[in-house]
Amino acid sequence: MWEPTLPKTRPLYRAIVAALQRDISRGDLTSGERLPTHRQLAQQLNVTVGTVTKAFTEAERIGLIVSRVGRGSYVMQFPESAVAADSEPKGLIDLSVNTVTIEPFNNALNKVLGALSRRKSLYGLLEYHPVPGLLRHRAAGVKWLRLRGIETHPDNVILCNGSQEGLMAALATVTKPGDAVLTESLNYAGIKRLADLFRLDIRGVPTDEFGLRPDLLQQAAKGIRVGAILCSPTLHNPTNATMPVERRREILTIAAKLDTYVIEDDSSGHLSGDERPTMATINPDRCIYLCGTSKSMAPGLRIGYMIAPTSILPRLSDGVHATSWTSPSLMGEITSVLIEERIAESFVAWHRREALERMKMAEDLLGLSNIFPKCPTYHLWLQLPPPWRANEFAAHLRLGNTLVSPADAFAVDRSPTPHAIRVSLGGVAERSRLAEGLRVIAEALTARPTSFSVAV
């Protein structure tokens, strides 16, 4: 708590305000830091409560503090506002990170956390809890999976610290060092890091507008030991490709012939609203299914759900246990309440509407049509006109304070990459900032790289 030394200023309330200004300017008080109560500070300084109240009223008037009945007083802004401000890139419009905006959910989250805080046994969520997770958390996971058309039992669900941990456990369970993992030739960067960690031979398989090509998958599998096939059938990152049902069946058939598992990454499935059956629904005995809440509710809500054939569930649980030791109980409880109260469904519905609005904005500002799939998505895969190259285009946009991800960032091996960029539409909270970044992209699309001096 703040314990100020007052300057020799009169009246006393102005001395308190001056002390606030001084300690904020030299960094002794930071934005979002809680201040003592009026009574506490009055006792520290041996002044009346009325003097402190008058000082805080003046400090709030000139913007030094914020106050609210029942919450107290904070330096410059409330803690949650300080956190949000710290997460925003300074001076840059960052369209490179594939995430979602969360600001409209503040009131709902306040209510959920407020209800949790009134429980008398909340401390129990801070104890160690065994993997695969508390039964009620796995039961909530069943309800979440049902939104994707998957019917399962809580005993078949493993709770993870996000789907990334589930993927790590899956690779650790079904592969061994030196095995090949076949996946889309472009995938998110975390895949390659995991392959390096487990010493796997990750190989990219070419795709088309419908995702992973079965004919080229069979060709890539010849003469090698395939530890797993990893793919995203719905809203693939970064291309937004979504597989027809028949193609999903073909890939599962190939996996059966190779006697390997398909790891289905359905991170964007809930956002998409796509009603085609998941690969886990088509053949649950051949598929390890992963989904989470980060792409459809909030990026910091790090909860993932994994289901798999019963024969390997104990080994998968061991894999999760090895990486985190305990189930994410507190975050799991928050997520479970959101699901049980159907708040999660309202979040997903809002995101779908917001994504469609942002997709329309991108089409209008870029002057392009047919650049998105029919279902909601928070990212755009943009093929560049000649003679632009992806890295060159991204470097040019950086000169306009706009960040995007070039195709090379998603390459899983050394195969050639297309002249394309991924533009993320969800990470910038304010639509006005998103529009500004999209205008920078639109201007660059009409320019020629030879017109600029660009460091690549």
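The values are calculated or read from the model by the stated rules, or taken from the named source; none is laboratory data. If you're wondering where the values come from, they're calculated on a predicted model, not measured in any experiment. So basically every Cβ, Gly included, is an ideal-geometry build from the backbone, and we count neighbours across all protein chains shown.
Below, the figures for the structure above:
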item: Subset tally (residues that are outside any strand (DSSP E or B) and over 15 Å from R249 (Cα atoms)) for the stretch 280-303; result: 11
item: Unique match (being among the aliphatic types (A, V, I, L, M), over 30 Å from P376 (Cβ atoms) and out of contact with any strand residue (DSSP E or B) (no Cβ under 6 Å at 6 or more places or on another chain)) among A220, A180, A189, A172; result: A172
item: Hits in the stretch 241-252 - residues which are part of a helix (DSSP H, G or I) and touching a Lys or Arg at 6+ places or on another chain (Cβ under 9 Å); result: V245, R247, R248, L252
item: Top-ranked residue of the stretch 195-208 - restricted to ones that are in a strand (DSSP E or B) and of a type in the set (A, V, I, L, M, F, W, C), ranked as surrounded by the fewest Cβ atoms within 10 Å (Cβ to Cβ); result: I202
item: Filtered residue count, the stretch 58-86, keeping only those that are surrounded by fewer than 12 Cβ atoms within 10 Å (Cβ to Cβ) and at pLDDT below 80; result: 1
item: Residue, nearest to the chain's Cα centre (by Cα), within the stretch 10-57, restricted to residues that are among the hydroxyl-bearing types (S, T, Y) and not in a helix (DSSP H, G or I); result: S31
item: Meets criteria (modelled with pLDDT under 95, out of contact with any Lys or Arg (no Cβ under 7 Å at 6 or more places or on another chain) and polar (S, T, N, Q)) for T377; result: no
item: From the options A349, A390, A344, residue that is buried (at least 18 other Cβ atoms within 10 Å of the Cβ), under 22 Å from the mean Cα position of the chain (by Cα) and among the small types (G, A, S); result: A344
item: Every residue from the stretch 284-328 that is among the polar types (S, T, N, Q) and surrounded by fewer than 18 Cβ atoms within 10 Å (Cβ to Cβ); result: T310, S311, T323, S324, T326
item: Residue list for the stretch 110-142, restricted to those being in a loop (DSSP other than H, G, I, E, B) and of a type in the set (F, W, Y); result: Y128
item: Residue in the stretch 405-446 that is farthest from S294 (Cα to Cα), counting only those that are of a type in the set (D, E) and assigned to a loop (DSSP other than H, G, I, E, B); result: D413
item: Filter result for the condition that a residue is surrounded by 20 or more Cβ atoms within 10 Å (Cβ to Cβ) and more than 24 Å from the chain's Cα centre (by Cα), over V157, V174, V131; result: V174
item: One residue from P277, P233, P238 being part of a loop (DSSP other than H, G, I, E, B), surrounded by fewer than 22 Cβ atoms within 10 Å (Cβ to Cβ) and either touching a Gly at 6+ places or on another chain (Cβ under 9 Å) or at pLDDT 95 or above (or both); result: P277
item: Test result for V100, surrounded by 18 or more Cβ atoms within 10 Å (Cβ to Cβ) and modelled with pLDDT under 90; result: yes
item: Any pair with Cβ under 6 angstrom, 6 or more apart, that starts in the stretch 142-166 at a residue that is farther than 22 Å from E345 by Cβ and ends at one that is basic (K, R); result: N161/R302
item: Checking W388 against (1) in contact (Cβ under 8 Å) with a residue 60 or more places away in the chain; (2) over 30 Å from M297 (Cβ atoms); (3) assigned to a helix (DSSP H, G or I), the condition it does not meet; result: (3)
item: Sole exception among (1) within 27 Å of the chain's Cα centre (by Cα); (2) assigned to a helix (DSSP H, G or I) for L217, by number; result: (1)
item: Residues (part of a helix (DSSP H, G or I) and either hydroxyl-bearing (S, T, Y) or within 20 Å of I312 (Cβ to Cβ) (or both)) located in the stretch 174-194; result: V174, L194
item: Residue in the stretch 95-109 that is nearest to F393 (Cα to Cα), counting only those that are in a helix (DSSP H, G or I) and touching a helix residue (DSSP H, G or I) at 6+ places or on another chain (Cβ under 9 Å); result: E103
